Amino acid sequence: MPQLLPVDIPAVGGKRVRLALSRADSQLAKLEGAAGNTADPENLFLNALRREALLSSKIEGRRTTLADLALFDLVREPRNDSLAVADYLEAYKYSRRRCREIPMGITFLSEIHRILVQHDDPQRTAPGGLRERAVVIGTPPLRADSLFP
């Protein structure tokens, strides 16, 4: 059985840490207030999600901007790779609904993957399928015997 924590935990890091924690608390309070005054608080999260979709897509070599994505949301005409990036957002929204209906597993992940790559080159992807070989990032490729001596 671990020992009980002391009632008064001493401040670590001094004044700078306490000030940073105070600013963080203040920002969280502002976010909580904004969420309470918003019809759909998830909208506060969507801009961060869009940015993440852009950055994740960049890893795949896709090029688009927040402006391209916003324009696509409004008029549904893709510019650059905005359609593929929008698929990230659609996959997120779908997964939020679907996770209440089925357990996390291959079926769930396959459904999300199908949405995520629906506008990719069909020669490069297998929507909803599992990879048949390992993905290697960087060089040189790792050898199995170097991982498991």
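The values are calculated or read from the model by the stated rules, or taken from the named source; none is laboratory data. Just so you know, these numbers come straight off a predicted model, no measurement behind them. Every residue, glycine as well, gets a Cβ built from its backbone with ideal geometry; the counts of neighbours run over all protein chains shown.
Quick look at the values:
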{"read-out": "Criterion: closer than 16 Å to GLU90 by Cβ, free of Cβ contacts under 8 Å to residues at least 24 places away in the same chain and outside any helix (DSSP H, G or I) - qualifying residue of THR38, THR64", "value": "THR64"}
{"read-out": "Only listed residue being small (Gly, Ala, Ser) and under 25 Å from PRO127 (Cβ atoms), chosen from ALA53, ALA67", "value": "ALA53"}
{"read-out": "Only listed residue being surrounded by 12 or more Cβ atoms within 10 Å (Cβ to Cβ), at negative phi and not charged (D, E, K, R), chosen from LEU28, LEU74, LEU55, LEU69", "value": "LEU69"}
{"read-out": "Inter-residue pairs, beta-carbon under 6 Å, first at pLDDT 75 or above and in the stretch 117-140, second small (Gly, Ala, Ser), 6+ apart", "value": "HIS119/ALA84; GLY128/SER110"}
{"read-out": "Qualifying residue in the stretch 70-83 (condition: under 30 Å from ARG124 (Cβ atoms) and at pLDDT 85 or above)", "value": "no"}
{"read-out": "Test: ALA20 is free of Cβ contacts under 8 Å to residues at least 40 places away in the same chain, assigned to a helix (DSSP H, G or I), in contact with a Pro (Cβ under 6 Å, 6 or more places away or on another chain) and over 17 Å from GLN118 (Cα atoms)", "value": "no"}
{"read-out": "Residues satisfying the stated conditions in the stretch 80-109, i.e. more than 23 Å from LEU130 (Cβ to Cβ), in contact with a helix residue (DSSP H, G or I) (Cβ under 8 Å, 6 or more places away or on another chain) and outside any helix (DSSP H, G or I)", "value": "ASN80, ASP81"}
